[in-house]
Amino acid sequence: MAEYEAVIGLEVHLHLKTKTKAFCGCSTEFGKEPNSQTCPVCLGLPGSLPVFNRTVLDYAIKVALALNCEVQRFTKFDRKNYFYPDLPKNYQISQYDLPLSKNGFINIDTESGVKRIGITRVHIEEDAGKLIHTDDSSLVDFNRTGIPLLEIVSEPDINSPQEAHQYLVNLKNIIQYLDVSDCDMEKGSLRCDANISLRPRGEKMLGIKAELKNMNSFKGVKDALTYEIRRQAELMESRKEIIQETRLWDEKGLKTVPMRTKEGAKDYRYFPEPDLPPFIISEEKIKEIRGTIPELPHTKYTRFIQEYGLSEYDAKILVSSKEDAFFAEECFRAYGEKDKKLLVNWLIGPLLSEANSRNLNISALKITAGSLLNLLVFLERNEISNLTAKAVLTDMLDSGKSAAAIIQEKGLVQISDSNALKEIALQVISENPKSVSDYKSGKENALMFLVGQLMRKSKGKANPKVAKELLKENLDA
Ligand SMILES: [Zn+2]
């Protein structure tokens, strides 16, 4: 397989989370009773007319700008004609020759450095309904019909399943920062198809491609591509023909199976949508929407490293969720000028693992930046051990109580005050004459034994460092 190069392009379909559908006033809420969110427009009844949802355009421009695309000033809708039971109109409103935007890119990290993946176009279209197949029948739910979609088409710049995966992770991360889609693959609000062909390394001409569908997770995309590279390489090795076709990923069988020979654009008989006029996007509109784009993950990543001295690794983890990055920054600001290492270790360590075990983001945990920092103060003053602090954190998240209240209630504070420990130290010395003489004759181990005795007498609450110093001081005196 080392003789072949894979050429991969990805097509991502993204639901925009508008309140109503793209061309009618029906609700887009997920999980409602089948066919309860329909009207003459999205059911394609004769005489009904579409009205374009303004928010769809705003969200679409926002995504296009964040993906470094050129937003076209003049754009229009087209009808893509095909018959399918989930498409009551027998056509889908889409965009063909004058898409909303084109020529964008996103960067991904690869083993050989940063790689730019081109984005051919981002255009607006509407979703079809959903077919549900049971043992003896097929059912159709039109609630999804007409939900606004963005189609984001990459250039065939991707050369491995790993790069495809990284592209999807970065794309999803950017979209989540924009807050225009749930990006939930399980609910179908983010879907991905892939085009893949192989060619001998060094060859410029593209091979014959297969289109892969039905991948339900980013891992599914990676697995399907890995399988397909092997399948195509084997065909080429045995000089068999590769046919242009659409193949379905079989998640259980871990293989791709033929679905249909691929239709070309001419089969869809595209023509301009006569019920929607072309429209012009003004410079002011583009400027206004550019102003609503928040700091995107990569910029935040760079800033976290420069401004707060984070490592690349730590910064990458923290910016992978917009909410967590916000929470982290709130903590950094409240922490002031101090070195951030302890704080960062707590954010990506105990806090992140608590969040994962509760299936939440850090930001959704019952803790504020202030209450986390209060817990860390006890650690910094050596008043509790690291292990105790972790237990206190779990308790804080369960009960919503403050660190101080929990430490007080459970009597967890270490005793670091040497006056408070002096009496116990003297008691330990008088009760262990053998160890004392051992220590005086130069046996260092004897001191550790005495520290252990002091710890026992204090029921584990003595600060071991203070205890050791105190004993040494009294023995040497
Ligand atoms: Zn409707």
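The values are calculated or read from the model by the stated rules, or taken from the named source; none is laboratory data. Note that the structure is a prediction, hence the values are computed from the model and not measured. Every residue, glycine among them, receives a Cβ derived from its backbone with ideal geometry; neighbour counts consider all protein chains shown. Only protein heavy atoms, including side chains, enter the accessible area calculation; ligands, DNA and RNA are left aside. Shrake-Rupley method; radii C 1.70, N 1.55, O 1.52, S 1.80 Å.
Per residue of the chain, what 222 nm ellipticity follows from adding -39500 (n - 2.57) for every DSSP H run with n ≥ 4, rounded to the nearest 500?
The per-residue figure over the chain is -12000 deg cm²/dmol.
Identify the trypsin sites (Lys or Arg not before Pro) of region 395-477 meeting these criteria: DSSP loop state and at most 10 other C-beta atoms within 10 Å of the C-beta.
Sites meeting the loop and neighbour criteria: Lys459.
Specify whether the C-alpha gyration tensor of region 124-258 places it in the rounded, prolate or oblate class, a ≥ b ≥ c being the square roots of the eigenvalues: rounded for a/c under 1.5, otherwise prolate if a/b is larger than b/c and oblate if not.
oblate
Give me the accessible area per residue for the chain, probe 1.4 Å, as a whole number in Å².
52
Grab the Cα-Cα distance for Leu475 and Asn356, subtract it from 0.36 nm times how many residues apart they are, and report the gain in nm with one decimal.
Full extension from Leu475 to Asn356 adds 37.9 nm.
Return the distance in nm (one decimal) between the two label points of a simple spin-label model at Ala364 and Asp275, each offset 7 Å from Cα along Cα→Cβ.
Rounded to a tenth, the inter-label distance reads 3.8 nm.
If I take R0 = 41 Å and measure r between the Cβ atoms of Ala391 and Phe83 in this structure, what FRET efficiency does the formula 1/(1 + (r/R0)^6) give, to the nearest 0.05?
Here the calculated transfer efficiency is 0.05.
Quick one: compute the contact order of region 297-409, relative version, from alpha carbon pairs under 8 angstrom and 6+ residues apart, as a percent.
20 percent.
If you keep only loop residues by DSSP, which trypsin sites (Lys or Arg not before Pro) in region 214-282 have at most 13 other Cβ atoms within 10 Å of their Cβ? List each step's numbers first, then the result.
Working: sites: Lys219, Lys222, Arg230, Arg231, Arg239, Lys240, Arg247, Lys252, Lys255, Arg260, Lys262, Lys266, Arg269; in loops: Arg239, Lys240, Lys252, Lys262, Arg269.
Passing sites in region 214-282 are Arg239, Lys240, Lys252, Arg269.
List the trypsin sites (Lys or Arg not before Pro) in region 17-54 that DSSP assigns to loop (not H, G, I, E or B) and whose Cβ has at most 14 other Cβ atoms within 10 Å. Which are they?
Lys19, Lys32
Which residues' amide hydrogens lie under 5 Å from the amide hydrogen of Ile158, considering only partners 5 or more residues apart or on another chain, with H built in the peptide plane?
Ile8
Take the solvent-accessible surface of the protein heavy atoms, probe 1.4 Å, and return the percent of it on region 4-288 that carbon and sulfur atoms account for.
On region 4-288, the fraction of accessible area on carbon and sulfur atoms equals 51 percent.
Just check region 418-476 against the gyration tensor rule for me: Cα atoms, a ≥ b ≥ c as the square roots of the eigenvalues, rounded for a/c under 1.5, and otherwise prolate or oblate depending on whether a/b exceeds b/c.
Numbers: a/c = 1.68, a/b = 1.66, b/c = 1.01.
Here region 418-476 falls in the prolate category.
At a threshold of 8 angstrom on Cα-Cα distance, excluding pairs fewer than six apart, so keeping six or more, what relative contact order does region 4-288 reach in percent? Spell out each step's value before the answer.
Values: 628 pairs, mean separation 69.0, N = 285.
Relative CO of region 4-288 lands at 24 percent.
Can you work out the base-10 log of I(q)/I(0) for region 321-477 at q = 0.09, 0.16, 0.17 1/Å, using the Debye formula on its C-alpha atoms alone?
Summing over Cα pairs of region 321-477 leads to -0.41, -0.86, -0.92.
Which links in Lys115/Lys255; Lys340/Lys390; Lys17/Lys62; Lys316/Lys341; Lys390/Lys461; Lys172/Lys219 stretch past 21 Å when you go from one Cα to the other?
Over 21 Å apart, Cα to Cα: Lys115/Lys255.
Could you pull out the longest piece of the chain with no exposed loop GluC sites (Glu not before Pro) in it, calling a site exposed if DSSP puts it outside H, G, I, E, B and it has at most 16 other Cβ atoms within 10 Å?
338-443
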